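Just below is one structure, and these are the notes that go with it.
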């Protein structure tokens, strides 16, 4: 109740006397007579410096001068300007149509933009990672897309499966809601390996939100949201795109895109991906493969329909098949599985999913719309780790209906909607079988207030009914205040709720001889997240620079505790009994010392603690201190591009191994270490060639597998990973576009 009162107080503390506002929409008519929303159009009062630009939907809002009549000028590159006389009897909501100019045969205008951008005019703390930023690394899949980004951390889960997990605000990725164009993507059975299922070349941009996000997208976000925007068929200027990649460690990948605009209304885009890791490597000579042998085939086809008036639709289908085989270097599944004491792992994943999005617009009321989102997925997973086996199947359906409108003017917007989530799980672990069905209908409301000068607010609440856990509420609030034109302050608070899938979300414990103990029936995980951030923009060396500082605290009401400290031969799961919280402080600094040379520097401090067996301890494998430095330089027209990134990771707590024999004990804390990577890209007329190196210093964790010589013994453990196990990786590739 106290938290709800705090939210209510923050919501009510700010009041403005709002000036009269002129709101409207700008449309552009091209040479074919087709009218479309016109973003980035200039709207200003003649003879003054008071003006604005239209948003992505062509909408604008502007203070009305004290004295009328006044002349409003509307202009945009490639369109004829227009002037409107605004008198006292004019409606406060107008629609303006700009006619297209006579087009030239060829005209190209290029402007250098930052490859990452913090949104300073939105109340929610958001960062956009563009496709150009993704090209700075090998970026073969989503797990490698964050290597030059400080907000999201990526770590290995164990030393045998090659699985990676993300971390935000010091918490595991299961507390971060990963979305595909605002629909749930990586959850349930895809939580363990789903990062490897999304090729980087498919992604147009990534929107990273810290803290609880919008209630429109669901109730599961606790530490943040990662929303992927995939390439759109109607926006593609290139018919074919090819990306091939290879490295000296035996990994090869290929991506092939085909775009086709069938007519004015229909367009389609086909994505294909194939990858393989075919070379056995054991750099530390412990008898285990450093990375498993893998094969993946991934196909995604999406369609877009626009009737140019009041209806649009998108839908698509994706299929995936992946195999992984690892373990001891001389293990062979056909010859050895179940027949010898050799240790091997095998994972087979099959996934089929679809999505659809439809939107209904109202041309006479451009701020009003109805959107319907649906998605469905079937995923099957079979795994064995030595003599441990797991099979799982998830059937998922999701639907979301969103109604958007305004109250009087576009300063006051609201969204109302209803959603439904269905998960049907069937799992078995060794000789035990588990099955459950989760059915969650819900309703939500979200209100957005925007003062045209310096303040905005997003307040939302959800009510969902879970068939297993009953009714629960999810309130969230985000505030933005522009202290000056260059200084932005944000505050946020909100609640998140999720159910746990302990076996698949903690599959790293399979890679050990620890006995799995489930002490009690699990309750849902519930947490509150609070955040504050300050963004300051300024000039340095005559160029734009910024400093961003944010602090977040996450408090768990309940959490599923994964206890590795009670006994070195056990992993114990139970509901939280005591405190569990996360403190996250991050400082980012970015500037341009000279033209085409960008520098980003970030520092992060984490204080993440959980009560383990009635003792409050640091969460394992979370470094308290991290530093990232990224430097990027490009020559004229991006003919040559150079990128270098270094990360320093401080010490982290390791689970207790004091009960093990001395030769199988680890220190209480990990070592600190550096990771460096670099890439050079050369642009030719029709294609790009790139070459790079990851883990330049060739740093790997020493002794990553306890008792590697006796994988069937009681002290075997390949899950205690805090650093890379694969050494230096030299890679090369080619990108080609055909327009």
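When you scan the stretch 650-662, do you find a residue that is surrounded by 16 or more Cβ atoms within 10 Å (Cβ to Cβ), more than 26 Å from residue 572 (Cα to Cα) and outside the structural domain of residue 134 (by TED's automatic domain parsing), even just one?
The answer is yes, given that some residue of the stretch 650-662 is surrounded by 16 or more Cβ atoms within 10 Å (Cβ to Cβ), more than 26 Å from residue 572 (Cα to Cα) and outside the structural domain of residue 134 (by TED's automatic domain parsing).
Taking strands (runs of 3 or more DSSP E) that fall entirely within the stretch 125-230, which contain at least 1 residues that are in contact with a helix residue (DSSP H, G or I) (Cβ under 8 Å, 6 or more places away or on another chain) and either over 30 Å from residue 536 (Cα atoms) or outside the structural domain of residue 389 (by TED's automatic domain parsing) (or both)?
Hits in the stretch 125-230: 153-156, 164-168, 176-180, 183-186, 203-210, 224-230.
From the list 551, 546, 644, which one is over 27 Å from residue 503 (Cα atoms) and modelled with pLDDT under 95?
Of the residues listed, the single one that is over 27 Å from residue 503 (Cα atoms) and modelled with pLDDT under 95 is 546.
Taking the conditions exactly as written (assigned by TED's automatic domain parsing to the domain that holds residue 376, crowded, with 17+ Cβ neighbours inside 10 Å and free of Cβ contacts under 8 Å to residues at least 60 places away in the same chain), does residue 316 satisfy them or not?
yes
Residues to consider are 610, 645; find the one that is assigned by TED's automatic domain parsing to the domain that holds residue 469, buried (at least 20 other Cβ atoms within 10 Å of the Cβ), out of contact with any helix residue (DSSP H, G or I) (no Cβ under 8 Å at 6 or more places or on another chain) and closer than 20 Å to residue 136 by Cα.
645
Being assigned by TED's automatic domain parsing to the domain that holds residue 729, free of Cβ contacts under 8 Å to residues at least 60 places away in the same chain and not in a loop (DSSP other than H, G, I, E, B): is that true of residue 257 here?
In short, yes.
Which of the numbered conditions does residue 169 fail, given that it passes all the others? Conditions: (1) surrounded by fewer than 21 Cβ atoms within 10 Å (Cβ to Cβ); (2) at positive phi.
It fails just one condition, (1).
Considering each of 590, 578 in turn, give the residue that is assigned by TED's automatic domain parsing to the domain that holds residue 678 and either crowded, with 16+ Cβ neighbours inside 10 Å or closer than 30 Å to residue 664 by Cα (or both).
Residue meeting the stated conditions: 590.
Please work out if residue 354 is buried (at least 17 other Cβ atoms within 10 Å of the Cβ), in a strand (DSSP E or B) and assigned by TED's automatic domain parsing to the domain that holds residue 477.
Spelling it out, it is not the case that residue 354 is buried (at least 17 other Cβ atoms within 10 Å of the Cβ), in a strand (DSSP E or B) and assigned by TED's automatic domain parsing to the domain that holds residue 477.
Take residue 267 and decide whether it is outside the structural domain of residue 495 (by TED's automatic domain parsing) and either modelled with pLDDT under 95 or farther than 30 Å from residue 725 by Cβ (or both).
Taking the combined requirement at face value, the residue does not satisfy it.
Would you check which residues across the stretch 563-576 are in a strand (DSSP E or B) and within 31 Å of the chain's Cα centre (by Cα) and list them?
Listed by number, the residues that qualify are 563, 571, 572, 573, 574, 575.
Which count do you get for residues in the stretch 463-487 that are part of a strand (DSSP E or B) and closer than 27 Å to residue 118 by Cα?
Of the residues in that region, 12 qualify.
The values are calculated or read from the model by the stated rules, or taken from the named source; none is laboratory data. Bear in mind the structure is a predicted one, so any value in this text is a computation, not a measurement. Cβ atoms come from the backbone with ideal geometry, glycine included; neighbour counts cover every protein chain shown.
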